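Just so it is clear, none of the values below were taken in a lab; they were calculated from the coordinates. No experiment lies behind these values; they were computed from the predicted model shown. All Cβ positions, glycine included, derive from the backbone under ideal geometry; neighbour counts span all protein chains shown.
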Amino acid sequence: MQKILEKIQLDAWIAALGEWEILAPAMEDGIWGYHPLDGAVRLDHSNTTQPPKGLSFPQREVFFSFEQIKGEPPRLTQKMPAATRRAVFGVRPCDGAGAVRMDKVFSDHVADPYYQNRRKNLAYVGLACNKPQGSNCFCLSVGGSPVATEGMDVLMTDLGDRYFVTAVTETGKALMSAAAKVFTAPTAADKKLVEKTHADAVAQPQRAVNDVDAAPAKLKASFDSPLWEELARACIGCGVCTFLCPTCHCFDINDESTGSSPIKGNRVRTWDNCQFPDFTMHTSGHNPRESLGARLRQRVSHKFQYFPENFGMPQCTGCGRCISECSVGIDIINTVNKVTGHVG
Ligand code: SF4
Ligand code: SF4
């Protein structure tokens, strides 16, 4: 389904989606992310600092609460996410691609009911990038595109005073059908213009990872390279690079409890971070990734070697956030290119 939506009709479309909670790019506490719509939707901001991954994989979530009185069996109460349907407007193609990778992690080998319950109620109404959103975009070199529909339910393309709107999934069709009156049929000129807009977008210069297909073998061969320590020397271990990544998904599970009888508490999942020194710390005190270089190698190799080996695609979608937001200038493109460049 392909339609035209005049920009002045965007609010009318959203108003017709009464059963859906609507989220859109907004600034909260000085940071752009995806938040429940408060007023008119704004899609003129460049890509958000926070990706939408927290909507399906929140930074902190309770799996179940427990209560145990001494001598009695524990009482457990599972806390499944509410089945609220949420439509997220303005998602960029690198984050749509991020959702596909997150789906693989939480669905392909082990089905995670908490993730899946949120994800099945989440629809992405994407917005194509007519030009790169920042100087560190590199989606094209990692198998993506600024106009890709991967992970989207709907893809909108900005044509100036209107959007060219394409339904990608059945959910996307339903979202558009809920407000059929606000859309019109595209003309032949509209179709020609969207084709040209997409071709121009793909032709825009971007940074690039060199030969992503060869990266798994080259990274494997570079495991002991001294370059890792050299490239990681400035890292302060803040973890921003992975917390803001649309595909990083490592987590920790803890029991938070109080009292002795009854013991009351929650089993909680929180994001964890491979750039933290204690991420792999053993109870013995031994840490297999003690150095900065070992931790950078893990982050980069997971994205460009281990994930491709497991799922057949890089775990990086080229959004550039980890580069733009790193306060000491550690750059995943340079890192991959330098390390793999030393292997024949
Ligand atoms: S954002 Fe930069 S400094 Fe912080 S952990 Fe990542 S690479 Fe290190
Ligand atoms: S590794 Fe960096 S560039 Fe790649 S998807 Fe994650 S944040 Fe974006």
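Within the straight-line cut-off of under 29 Å between alpha carbons, the lysines reachable from Lys181 are Lys3, Lys7, Lys120, Lys173, Lys191, Lys192, Lys196, sequence neighbours fewer than 8 places apart in one chain being disregarded. Listing Ser301, Ser261, Ser46 from fewest to most neighbouring C-beta atoms within 10 Å gives Ser261, Ser46, Ser301. Note on the chain: helix-only mean residue ellipticity at 222 nm, from DSSP H runs of 4+ residues weighted -39500 (n - 2.57) and normalised by residue number, equals -7500 deg cm²/dmol.
In this rough spin-label picture, where each label sits 7 Å from Cα along the Cβ direction, the Asp252-Lys7 distance is 4.6 nm. As a rough footprinting exposure proxy, the listed residues Val88, Val125 were ranked by other beta carbons within 10 Å of their own, and the order from fewest upward is Val88, Val125.
Report the full-extension gain for the segment Gln59 to Lys120: residue separation times 0.36 nm, less the Cα-Cα distance, to one decimal in nm. Before the final figure, lay out the partial values.
Working: separation 61, 0.36 × 61 = 21.96 nm, distance 1.85 nm.
Gain on extension, Gln59 to Lys120, equals 20.1 nm.
With each label modelled as a point 7 angstrom along the Cα→C-beta vector, the Ile236-Asp211 pair spans 3.7 nm. Where in the stretch 205-226 is the amide nitrogen less than 17 Å from a point lying 7 Å along the Cα-to-Cβ axis of Asn310? The answer is 216-217, 220, whose backbone nitrogens lie closer than 17 Å to the label point. Annotation for the stretch 1-71 versus the stretch 174-196: alpha-carbon center distance of 24 Å. Between Asn287 and Arg85, the distance separating the two model label sites (each 7 Å from Cα on the Cα→Cβ line) works out to 4.8 nm. Mean separation of Cα pairs under 8 Å and 6 or more residues apart, divided by the residue count, gives the chain a relative contact order of 22 percent.
Order of His302, His282, His342 from fewest to most other C-beta atoms within 10 Å? Numbers along the way, then the final one.
Numbers: His302 20, His282 9, His342 12.
Arranged by neighbour count, lowest to highest, His302, His282, His342 become His282, His342, His302.
Could you work out the relative contact order of the stretch 252-293? I mean the mean sequence separation of Cα pairs under 8 Å and 6+ apart, divided by the number of residues, in percent. If you can, show how the numbers build up before the last one.
Details: 39 pairs, mean separation 11.2, N = 42.
For the stretch 252-293, the relative contact order is 27 percent.
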